[in-house]
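Following: one structure in structure tokens, then a few remarks.
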Amino acid sequence: MHSEELDQPVEAVKAKRVGRRLWQYAMKYKVSFIVALLMLTISVAAELTAPFIAKAIIDQHILGIEQPYYETKTDSKYNVAYEGHTYKRVDRFEPGETRGEGVHIIQVGTSFYLTNEVVPNPTGTRKYKDGILTITLRDQAWQGEARLLPLKEMLIFYEPEVNGIIKWLGIYLLMLGISIVMSFGKILGLQSAANKVIRKLRGDIYAHVQRLPIPYFDNLPAGKVVSRITNDTEAVKDLFVAVLSNFTSGIITIVGIYTALFILDAKLALMSLILIPILIAWIVLYRKYATKFNTIIRSRLSSINAIINESIQGMAVIRAFRREKETMEEFEKLNEDYLTYSNKMLSLNSLTSHNLVTVLRNLSFAAVLWYFGGASLSGSGMITLGVLYAFTDLLSRIFQPITGMVNQLAKLDQSIVSAGRAFELMDEQGEELHEGSMPRYKGHVEFDNVSFAYKGGDYVLKNINFEAKPGETVALVGHTGSGKSSIMNLLFRFYDPQLGEVRIDGKRIADLPKQWLRQHMGIVLQDPYLFTGTIASNVSLGDPRISREKIEASLNAVGADRVLKQLPNGIDEPVIEKGSTLSAGQRQLISFARALAFEPAILILDEATANIDTETEALIQDALDVLKRGRTTFIIAHRLSTIRSADKILVLHRGEIVEQGTHDELMALEGRYFRMYQLQLGGQAKDTEQAADQVDAEDQELESEAQSHPDMNQKLSAASITAT
């Protein structure tokens, strides 16, 4: 459900619930997250030392040369030898150390001048003319003799500063190294923790899907389930990696920057706080429109992917019916809509994440330079040039994390929505899992006055009564919607009947754990499902109890060795794309061997020979005696010629058993089964015509009813692994 479709209070409540559940998952790996965030904090702190180091170099070593120098007789690494005198800067004298005559270096423009006396207050407007230096501050002026200090002589006074500058540069490189190492650790830690969270979340979702009852899948296509397990959990990963990293580092960086700003100059920091409400308003406004646009963009992109997938799957149909133009027009309409909203999103980003940041940054710099910078550069300011540099550096850094946070808002919204979809699936009521197993039952099946409806009171099975003794073969025949597959669904306990009960060996199957019950059941479908792997792995399904010898014996028993022997790798032949490289007959023989290898007590054959050629059908018919031996077999069949040897045939019509007996008994009745058999085998023309008219009329009555019932073929296909 898209965010714009929800009422805001409901959306907020859902977001909070999702946030709490994500927090619970994160807490499972809290050590990794805490270590990563601690490394992030250290990285930010180390990075923010750069402006302070620059301030120290500027104020203490570059501009510090303007402090007074006094003669000294004490040896020190800070001493300056100039014109036969030894000088030391005033801030480097020890307490009580004797000072001699003083000199002062004053900068005017880009030149430096040396006075033979200490200037009382060097701040103010400076002028030099005809050997006289004048410094004016408000209504007071100081004048004194001064001479130009050549660059060569200037470097003499800078010599003691070289070691200090090198020391600060060394500290800077050390902090840079710490920042790099901590950043690497932060990224590695967050990625590792996020991957663990997603592995746990994805595993929990997949495990829960295994416990969901079959009716749940009636209303949710398999593609959507797959999307929630893969795409939605991957989007949640972005929340822990990109969003969490950017927001956490952004908040830590902003707090660190403002802390540093207050350390540098409280008045400047207070002035810069005006950025916070502006940026908060910006984020709220941006998210309002960005969420709307991104939701539509994702919706259109999903539709584009769907039509591309559908077109590729149905390319033969499209070309056969010459629908290329119409398909292209439909695609172009979606593509154009996607382009429209993508351009709207680009316009929003252009107005905010780039232009707005630049404007705010430039206005901030202009205000700082106008209010404080001019005075500092002229020598009459209230802050030093080093403070001004550090402040502007820090101020420029504050916009980078904010931009990063805003750029993650779309991912934040998508992650919350995706997590909500994943948790919605996990909140569905699942079936209880039971560990262990039960002994192989004999397979005595009884349906005692069973009535069943998929929904409401629309019963698709009514008063079903029959018995299948161990080793018997029971065939179910009837038209579409007559209830054949529904009986098998009740036997597998995909559903439970509303009335009556189903028993196996005298025990109500409703009292048996479903996993235990299905352990001794096998199924062969009309369109068997093969997994990517080899023929051998498709027979054993990876069960370690089934040896290679048993695989080969099962394949030989159903005659598959004669059909598969021409394959280059034999039973190790690769199987890809649901077995698309194998013929229908080969796939069916493999599914027969699979059922035989698992030795079920109850075997269901759902139109198992419908898609088989005559030669292969002969092989399968020969193998059926082997396959059915020692187990109760149910056959769902439309080709009545394949069930003539069944011990019992149940003829279903509108959910009721209207006839039952052996083939000969039913033919002798000359009822519904007789008419169906005559129609298929093309008996006397008159009989055939009458049978066809009656069957067609009944088919038309059942058509609408059948459409309202779920397609159980898919359910049995999905359950074939579980059953075996």
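The values are calculated or read from the model by the stated rules, or taken from the named source; none is laboratory data. Because the structure is a prediction, the values reported are computed rather than measured. Quick reminder, even Gly has a Cβ in these numbers, built from the backbone with ideal geometry, and neighbours come from all protein chains shown. Just the protein is used for accessible areas: all its heavy atoms, side chains included, with ligands, DNA and RNA removed. Shrake-Rupley method; radii C 1.70, N 1.55, O 1.52, S 1.80 Å.
What the table below lists for this structure:
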read-out	value
Unit charges at the beta carbon, dipole of region 486-598: most positive-side option, GLY506, ALA593, MET521	GLY506
Calculated P(r) tail over 20 Å for region 54-189, as whole % of Cα pairs	55
Of all accessible heavy-atom area on region 475-528, the percent that carbon and sulfur account for (1.4 Å)	46
MET182 accessible area, assembled protein chains, probe 1.4 Å, Å²	40
Student exercise, region 237-326 dipole from Lys, Arg, Asp, Glu Cβ charges, in Debye to nearest 20	420
P(r) tail fraction, region 113-160 - alpha-carbon pairs more than 17 Å apart, %	40
Accessible-area value, LYS442, 1.4 Å probe, nucleic acids and ligands omitted, Å²	150
Per residue accessible area in Å² of region 37-150, where ligands, DNA and RNA are left out and the probe is 1.4 Å	56
Surface accessible to a 1.4 Å probe, HIS61 within the full protein complex, Å²	10
Scattering curve values for region 457-578, log₁₀ I(q)/I(0), Debye with Cα scatterers, q = 0.17, 0.20 Å⁻¹	-1.03, -1.18
Accessible surface of region 66-179, 1.4 Å probe, proportion on carbon and sulfur as whole %	54
Ordering of 27-40, 468-481 by burial proxy (mean other Cβ atoms within 10 Å per residue, highest first)	468-481, 27-40
